[in-house]
Amino acid sequence: MEENKATEANEPGSTPEKHDPEQNDSQAKAPYRKGYYYNRRRKYFNKTHQPRQEKISFKKLSVVVPLFNEEESLTLLANEIKKALRPVEISYEVIFVDDGSTDGSLKIIKEMCRQDKRFLYVSFRKNYGKSAALQIGFRQVTGDVVVTMDADLQDDPNEIPNLLKKLDEGFDLVSGWKKKRYDPFIKRQSSKFFNFVTRLMSGIKIHDFNCGLKAYRREVIDNIKVYGELHRYMPVLADWEGFTVAEIPVTHHARRYGKTKFGISRFFKGFIDLITVIFSTRYIKRPMHFFGFLGALSFLIGLILNAVLTYYWITGHSLSNRPMLFLGMLLIIVGIQLFSVGLLGEMLVRGSVDEKEYIIKDKG
Ligand code: UDP
Ligand code: MG
């Protein structure tokens, strides 16, 4: 890329400022002069006709596209992906995962797969959700690098080379950031809040957790499992397994056809999922640290409250008008219960620890 820029600048006529400052000056006054249009055409030609080969150290790319009733977008999307990957020196496959579409989507992807052997598809009998579609797509991939993108033309395939370049810098997951976003106001704002809370709770400093456009090294998708609606938290799940996460701004488009498959309920479900993710990444293997801590805290506060009230009682005060007594009792009981849940959890963990879950990076 850099080289191309350099040749472009050295090409006679491509940058009038360098070769003929006088002409440049007169252009400012009279943009209709012959030289102006000649140079503009020349500049355009140089820009579009330079051989643009991206060098990337990955061998094969798998693009996973989950889709649910997106018939109008699919042909356009396939053409855009092909066009975007033409300059990239890498072989690739595109895996469409039809998440139980009820429109003509399946027919279209079948036809596309028949025409181009690099295109493959998997089709669900019913709609299982985006996470399930991604997970099944991940199980089909044969590449050493995987990119996911939405099928509704909101994600731009031209960003794939940029994601790969960033990944090649040494990251394990690169997430897109829809910096300039073309979605309704409510969705933009709720998403901002969602990202803020997720950033705070997970400690991962990225702006956009739920971007459809993401690139992964193969080991990442082989080692994390997406289910329910956890696709929003791929960076959190990956980070927890010790993979490095980066983010780059990507172009985003307004939805051209059809409508969004996730309503406002995504917001609430998203937060419940956040609790699941935080618990299942941080505490699933050590439940006592969560329940035990909360239980002990509750028990202790209850105990102190009731100890103070007992002292009052001993010193001759009546406890009949002391609601604090009930609070103390409640805290003690809840504390013991939480503590017991933690202990039960520990017992379950002991029986279910599987060494395969520890991801080994290297071995000598
Ligand atoms: N999608 C899917 N299964 C579903 C819902 C959505 O495969 O149950 C796909 C959908 O077809 C699209 C992507 O997931 O390719 C993102 O969905 P959508 O565009 O509706 O989400 P938004 O852009 O509104 O966040
Ligand atoms: Mg969309």
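The values are calculated or read from the model by the stated rules, or taken from the named source; none is laboratory data. What you see is a predicted model; the values in this text were computed from it and never measured. Cβ coordinates were reconstructed from backbone atoms using ideal geometry, including for glycine residues, and neighbour counts include every protein chain displayed. Side chains included, ligands, DNA and RNA excluded: accessible areas come from the protein's heavy atoms. Shrake-Rupley method; radii C 1.70, N 1.55, O 1.52, S 1.80 Å.
Among residues of the range 53-77 that are among the basic types (Lys, Arg), none has a beta-carbon under 7 Å from a residue that is within 13 Å of ligand 1 (Cβ to nearest atom) and open to solvent by 60 Å² or more (accessible area, probe 1.4 Å) at least six positions away or on a different chain. If the condition is being open to solvent by less than 20 Å² (accessible area, probe 1.4 Å), more than 16 Å from ligand 2 (Cβ to nearest atom) and touching a Ser or Thr at 6+ places or on another chain (Cβ under 8 Å), then the range 126-146 contributes 137, 141, 143, 145, 146. Residues being within 14 Å of ligand 1 (Cβ to nearest atom), under 22 Å from residue 270 (Cα atoms), among the acidic types (Asp, Glu) and touching a Phe, Trp or Tyr at 6+ places or on another chain (Cβ under 8 Å) are represented in the range 145-162 by at least one member. Considering (1) within 16 Å of ligand 2 (Cβ to nearest atom); (2) of a type outside the set (Val, Ile, Thr); (3) touching a helix residue (DSSP H, G or I) at 6+ places or on another chain (Cβ under 8 Å), the lone condition that residue 274 does not fulfil carries the number (1). Yes or no: the range 166-185 includes at least one residue that is of a type in the set (Ser, Thr, Tyr), open to solvent by less than 20 Å² (accessible area, probe 1.4 Å), out of contact with any strand residue (DSSP E or B) (no Cβ under 8 Å at 6 or more places or on another chain) and within 15 Å of ligand 1 (Cβ to nearest atom). No. In the set (1) touching a residue at least 12 places away in the same chain (Cβ under 8 Å); (2) more than 16 Å from ligand 2 (Cβ to nearest atom), the condition left unmet by residue 252 is number (2). Just checking, how many residues over the range 57-79 are crowded, with 18+ Cβ neighbours inside 10 Å, of a type in the set (Asp, Glu) and more than 10 Å from ligand 1 (Cβ to nearest atom)? Result for the range 57-79: 1. Scanning the range 262-290 for residues that are at pLDDT 90 or above and not in a helix (DSSP H, G or I) yields one hit, 286. Helices (runs of 4 or more DSSP H) fully within the range 146-257 that include at least 3 residues being of a type in the set (Ser, Thr, Tyr): 185-202.
Take the conditions closer than 23 Å to residue 357 by Cβ, buried (at least 18 other Cβ atoms within 10 Å of the Cβ) and within 16 Å of ligand 1 (Cβ to nearest atom) and apply them to residue 252. Does it pass? Here the answer is no, as residue 252 does not meet what is asked. Pairs are defined by a Cβ separation below 9 Å, a sequence spacing of at least 6 or placement on different chains, a first member in the range 350-364 that is closer than 21 Å to residue 218 by Cα and without any contact (Cβ under 8 Å) to a residue 40 or more places away in the chain, and a second member that is open to solvent by 100 Å² or more (accessible area, probe 1.4 Å) and among the hydrophobic types (A, V, I, L, M, F, W, C); no pair meets this definition.
Just to be sure before I move on: is residue 239 away from ligand 1 (no atom under 16 Å from the Cβ), farther than 25 Å from residue 101 by Cα and over 15 Å from the mean Cα position of the chain (by Cα) in the structure I sent? No.
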